[in-house]
Structures are given as C-alpha cells and as structure tokens.
Number of protein chains: 4
Amino acid sequence: MSPKTKEQYEEIREASSNKILMAALELFGTKGYDATSVSEVASKAEVSKGLIYNYFQSKEHILQQLFTYLNSQEQDVLRQVEDDDPKKMLENILRYVFAELRNNSDLWKLITSLALQVGKFDFLHQPLVNKLNSYYTLFESLLTQTGIKNPDKEAKVIGALLDGIGFQSLVLGKDYPLDEIEEYLVQKYCRNAT
Amino acid sequence: MSPKTKEQYEEIREASSNKILMAALELFGTKGYDATSVSEVASKAEVSKGLIYNYFQSKEHILQQLFTYLNSQEQDVLRQVEDDDPKKMLENILRYVFAELRNNSDLWKLITSLALQVGKFDFLHQPLVNKLNSYYTLFESLLTQTGIKNPDKEAKVIGALLDGIGFQSLVLGKDYPLDEIEEYLVQKYCRNAT
Amino acid sequence: MSPKTKEQYEEIREASSNKILMAALELFGTKGYDATSVSEVASKAEVSKGLIYNYFQSKEHILQQLFTYLNSQEQDVLRQVEDDDPKKMLENILRYVFAELRNNSDLWKLITSLALQVGKFDFLHQPLVNKLNSYYTLFESLLTQTGIKNPDKEAKVIGALLDGIGFQSLVLGKDYPLDEIEEYLVQKYCRNAT
Amino acid sequence: MSPKTKEQYEEIREASSNKILMAALELFGTKGYDATSVSEVASKAEVSKGLIYNYFQSKEHILQQLFTYLNSQEQDVLRQVEDDDPKKMLENILRYVFAELRNNSDLWKLITSLALQVGKFDFLHQPLVNKLNSYYTLFESLLTQTGIKNPDKEAKVIGALLDGIGFQSLVLGKDYPLDEIEEYLVQKYCRNAT
DNA sequence: TATGAATGAGTTTTCATTCAT
DNA sequence: CATGAATGAAAACTCATTCAT
C-alpha cells in the first residue's frame, strides 16, 4: 500500500524536525526567542514556514521541544564526566562547562535567557528548579568527599560561580579570559592537598 | 492658555518622562523588552501612547534612556559603599548587592536579560564591558589591600559569583537562600584573619 | 489637556465602529461569515485592518457585536407593528417581514446562516431560542384573540412558514413570488371572518 | 504486484470514493463547508489526504459530487412515497420529511447552509431551483386532487412550511416539538373531509 | 503639552494542493 | 491505487509609529 514504509516516514520526520529544532536553537540563542520570527527559523532550516506547523503546534511548542531535547542531551553528559575520584570528577565537570561555553555559547545564551523568562513560560520553572537542585546535590556530595569545609555552602557557591562565568563570558565574548579562570578554578577546587 | 514659565514646562517634561521611564523599567524587567508593548508602558505610566513619542524617539530609545538613567544612579551607590577599610568596603558592596536582589529584582532581571541581547542593542555593549572591568578593578584593588592571594583571579571570581547568585535567585525566587549565602560570603571574604 | 473632548472621541469611535459593523453585515450576509476575510471587511468599511482590531477583539467578536446590534434594532420593530386590533397587528407583522425580505435580504441571509451554525457560535443559541419562543408566544396570543382554532399549533406553523418563505426567497431570489404569497397569507390569516 | 481485474479496481475506487463522500457529508453538515478542512475529511474517511485528490479535483468538487449523489438518492425517495390516494401520498411525504429531520439532520443542515451560499457555489443554483419547482408542482397536483382551495398557493405554503420546520428544528434541536407539529399537519392537510 | 484614532508592515498560523515514492 | 511530507498563498492578528486636533 504505502509507497514508503513507516520507518522511512519516521526518518524523514525525524530529520526535518531536527533541522527545524537546530535552526531554532541557533536563532533563539543568538537573537532571543521573542526577536526570532518563525519565518526566520524556516529560512535557516531551509524549510517552508508551513512545514514547521506540521511538526510543532506553535512557536512556543518549538521552544518546549527544544527544552525537552536539551534536557535529554544532558543525561549523556553526566555519564561522560563520571569518575570515582571526586576531585577528578569535579575537574571533569568544570572542564566540560568551560568547553561548552567555548563551543556552544548559543545554547547557554538560550537557556540563560529562557531562565529569565520563567514567568512567561510555565513549563520551564519546575524543570529548572529541579536541575539546579540536582547540581547542588551533586556538588555537595563531591565536595564532601574531597573534605572541603562547608560543602553545602560551597556547592551553591560553585553553582552560582559557573552560572556567573557563563553569563559574563556571554556578555564579554572574546574578551573574557575563560582559559585563565578555568585553570584557576581547577587548581583551587581540584588540586588542593587533601 | 495659562502661560507657563520655561521652568514649569521643564518640570512637567521631567515628571512625565520619569513616569514613563519607571513604568518601562518595571515592565521591561518583568515581562522582557520584546514582550512589552508601548501601549502597556503608556497605561502603566498613566499617559497616552502619543506622549511617549513626544519624549522618546522610539521604543528602543526608551531602553537607551533607561540604561543611561540606571548608570547615573549607580554613581551614587559607589559613594555610599565607600569605606577606608577594604574589608568593610567589600562587605558594604556585598550587602548592597544582596539588598538589591531582595528589593529590586526587576531591575536586575532587566539588566541581565538586556546583557544577553548585547547583539541586538549595540549601545549596550561598550558600557557593559566598561562596567564589568571597573568592577574587576575595584575588587582587585580591595582584595589586594586585604592581602588575599591571586587578587586578580579572585576579583573575577567574586564578580562572576555575584552575577551567578543574582541569576539563580531570579530563577529560583523565594526558594533561593539569599540570607545564608550572604552571611557565608561576608564571613569568607571580609572576616578572614589578615 | 485633551485636544478633543471625550464626546468627540466617543463620536469618532461610534462612527468607525458602525462603518465596520455595517460592512461586516453586508459581507457576512452575502458571502457567509467563514468566507469573508477581515481584510475584506476593512476594505469595504474603508478602514485599515488594524483599526478593526482596535474596536473588536477578534473576527468572531465582530459577529457577536453585530448580533447584539441587530437584536437591539428589533425592539424598535415590535413597537412599530403594534396595534390594538390583533388581525391588524398580525397583518403589520406579515407585511413587515415581507418588506424586510425584499429590502434587507442580506440581513436575513446572515441571521439564517448563523442560526445554522449554532454549534459553532455558543453565544447564538440562547438568544435565538428566546427569540423564537417570544415570537411563538406573540403569535399565539394574537391568534387566540382572532378566535382561530388551535392557536398554539398555528402559531408555530406561522413561525415556520415565515422562516420557510424567507429561506426559499433567499434561494430563489427574483423568481420567488413574494408579492403573491404575501397577499395570500394576509387574506388567509388576517381577513377571515371572525 | 497482485494483478487486479478492471472490475476489482472499479470496486475499490467506488468504495474509497464513497467513504470520502460520506465523511464529507457528515463534516460539511455539522461544521459547515468552509470550517471543514480536507485533512479532517481524510481522517474521518480513514484515508490519506493525497487519495482525496485522486478522486476529486478539489475540495469544491467533493461538494459537487456530494450534491449529485444526494440528488440521485432522492429519486428513490419519490418512488417510496408514491401512492394512488393523494392524501395518503401527501401524508407519506410529510412523514418522510419529519423522519429525515429526526434521523438525518446533518444532511438537512448541509443542504440548507449550502442553499444559502448559492452565490458562492454556482453549480447549486439551477438544481435547487428545479428541485423546489418540482416540489411545488407535485404538491399542487396532490392538493388539486384533494380538492383544496387555492392549490397553487397552498403548494408554496406547504413547501415553505416544511423548510421552515426543518430550519427551526435545526436551530432549536431537542426543544422543537417535531411530533406535535407532524400530527397537526397530517390532520390538517391529509385528514380533512373531502 | 497631550490625546487616542488610525495606519501598515510584519507576525503567527492555517490549509488546499502538489509530488516523490 | 495510496501515502503523507512539503509548499505557498492567504488568513487572523499585533504593534510601533504617525498625525490631526
């Protein structure tokens, strides 16, 4: 009956949907969600405006799917940085964050600016809260193992610090001394005598 | 009809202009610049739409003026926190930042989200860079005086940290332990033995 | 302060709003609600598309207002046809209906086609039911006074008959013998011996 | 692959085409022609969007075919209600109409709302005029045979009456006393002394 | 100075129709 | 014969900006 198999259609759908999502990620990230028009997403994805509405109910749903997609990606990350040695794992995390800031700043920009619009996008709030808390927990556990004082407070400090660095490097761009800060933090948190 | 002196006109201009600016600050801060319409600003300022264009060339110019206004305000702050004792001054700054986060989160939200749109608003970039640098310089100077190691790095760390705390408290809202972090940082940076 | 008085603005609003409503009435009546675009209404009203949304929240709201407007007009009609003699009053009503069919067929077309879409426009149902019932009641009262047999049934018959005539004359247009039927009904219902 | 005979293909065509037509009838009738999308027809017919264009040149052609189909059905009806006794035949017609109103109100709704859009669908006008006229002729002949006065006028009255009843029962739905009116009309037109 | 009606370009969204397979 | 992904033109709607008063 079908000229294409179910699988073939599924592949096509997946491919197109991804093209759109990636285009949206880049544009929402650089220009901001509000300032990006659906037409722009369509052009960048090399797809017709109509097709976007074939895959996404609305502009906001693109954002939602994007968020879902980014979350799913993050699971993989945590597995990558895992290590038995808490200091090594902390270093992995730090290095990963800095690498991301260098290579995927659009994504950070998007997440950051979305986070600020928590009030506008209801679907963001709870996931973000959960995420931050899970990071605090992870950091606290690692810091406890490394024997640092006030691990609960320091966990929050590191969390805020990384966010702050991300933020400032987004604003300052090339001028921000990512390398220098990276080494300094690794030294400070991961190379101290036990 | 009623002949007004130049001064009276000036006062009226000043008053109307301020009402508009304050309304814009609140709305841009809470809803975001793009998501706020000029009409909304007019309503909140209890002023007609037309009047806004009497004082500001365009919506973007409201933002620019707002930015100018906020900058001018900041000069006053620096005078307030000044102190001969570097540790005391650092504490003043920290306490000031936390107080602002508690009371003027809209303003922070606005500045933060604008900062992320540096690409869109050209007029923002240089002033922001200058500001961050002047803060780094100030922190470095204070930290040097307190005899802390690596004052240049730590200056950037504190800068990023404060931004990060601001960011996370904006996202987490009531759930963020501002008080706890405030005391911890004051202890850590301003109460250490010399 | 104001360059125009409140009253002046109110007049302007009233005038524009009416222009739009009248244009909508004609187009919705002739082409149907769904088949008429807001742009077309704007052109016919000689007004910009934007202005329509200044006065009406949505296309559907134009319809709602139109309905309200038409209802309010009808009150006047009932006063016009009133007469102490029930047969005369019945005749007045009949003649009024036929006159409307001749002169305002768009309006009938609109009401008729809307009535068929009761399911789509919730706001229509109850008012329409009320209207039909009030007509039944009026007819029954008049017929009772004229001493006709089965006035309750005949009231419904007349109601349906008038609707049916309206419908068929809309469909057949010029070909429908409105004059002939009008005289026949007047003779039959209003000139019978008591 | 599987070689099919011409007859088999014809059967398939007929079946698919009918499924589509029936789905269209239901949707056009309930939601209206404009408000129904081709996709919806496809879903309801459990057929792909593309297939519809295999059988029908356009959305409007579905409507045309539907109309043709309904017309062809009606021929059967006339045979069913035929009777040598004119009063009996008139009763059969009345009873048939009321039965349809009770069971196939969608179809009535569709025909009624289409009739109102005569201007939009050219192909409707002439057939509808012919149909109405043929009904008038039939009624007039039956009424003449029953010896009623003014059979030409009464034929039009009955025609309009039935349309009006249909219309009002569509609008009022369950609230309309179809049974009561049916009996009344049968008594009035078919049980009168000769 | 102040008003708000009016505009029009741009945005999101829908949908009949085409087409490669 | 059958599929559903893809298109593009047009629809509903928004909003910064202008302008007569």
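We did not get these values from a lab; they are worked out from the coordinates using the rules stated. The structure displayed is predicted, hence computed values, not measured ones. Using ideal geometry, Cβ is built from the backbone for each residue, glycine included, and neighbour counts are taken over all protein chains shown.
What Kirkwood hydrodynamic radius do you get for region A:94-143 when you take the inverse of the mean 1/r over all pairs of distinct Cα atoms, in Å?
For region A:94-143, the Kirkwood estimate is 12.2 Å.
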Computed Kirkwood radius, in angstrom, where 1/r is averaged over Cα pairs of the protein assembly as shown: 33.5
Distance cut-off 21 Å, percentage of C-alpha pairs in region C:52-148 lying past it: 43
Net charge dipole size for region C:70-143 [Lys, Arg +1 and Asp, Glu -1 on Cβ; Debye, nearest 20]: 280
Size of chain C as Cα extents on the principal axes (Å, biggest first): 68, 39, 29
Cβ-placed point charges (K, R +1; D, E -1), dipole of the protein assembly as shown about Cα centre in debye, nearest 20: 480
Cα centre as origin, Lys/Arg/Asp/Glu Cβ charges: chain C dipole, Debye: 360
C:Q145-C:H125 FRET efficiency (beta carbon distance; Förster radius 45 Å; 0.05 resolution): 0.90
D:S39/C:S134 FRET efficiency (R0 45 Å; Cβ-Cβ; nearest 0.05): 0.60
Mean projection area, nm², convex hull over Cα of region D:28-81: 4.4
Spin-label pair A:S72/C:E11, simplified geometry with 7 Å Cα→Cβ offset, distance in nm: 6.4
Alpha-carbon centroids, region C:84-140 and region D:112-143: separation in whole Å: 22
Formal net charge of residues neighbouring A:L138 (Cβ-Cβ distance under 11 Å; K, R +1; D, E -1): -1
Axis-nearest residue in chain A [Cβ, rotation onto C], distance in whole Å: A:S58, 9
Residues C:S141, D:S17, C:S72 arranged by fewest to most Cβ contacts within 10 Å: C:S72, C:S141, D:S17
Region D:6-58, Rg to Rh (Cα coordinates; Rh as Kirkwood inverse mean 1/r): 1.01
Dimensionless Rg ratio for region D:8-99, taking C-alpha atoms and the 2.2 N^0.38 Å reference: 1.36
Around A:F98: net Lys/Arg minus Asp/Glu count, Cβ-Cβ under 12 Å: -4
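For the protein assembly as shown, what is the mean residue ellipticity at 222 nm derived from helices alone (per DSSP H run of n ≥ 4: -39500 (n - 2.57); sum divided by total residues; nearest 500 deg cm²/dmol)?
Mean residue ellipticity, 222 nm, calculated: -26500 deg cm²/dmol.
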Cα-based Rg / Dmax (Å) for region D:114-183: 14.6, 41
Farthest positive-ward along chain A dipole, Cα basis, beta-carbon charges - from A:L94, A:G29, A:S43: A:S43
Within-15-Å neighbourhood charge of D:L21 [Cβ basis; K, R +1; D, E -1]: -2
Restricting region B:138-191 to trypsin sites (Lys or Arg not before Pro) in coil, as DSSP defines it, with at most 14 other Cβ within 10 Å: B:K149, B:R191
Per DSSP, loop GluC sites (Glu not before Pro) in region C:6-91 with at most 13 further Cβ within 10 Å: C:E46, C:E82
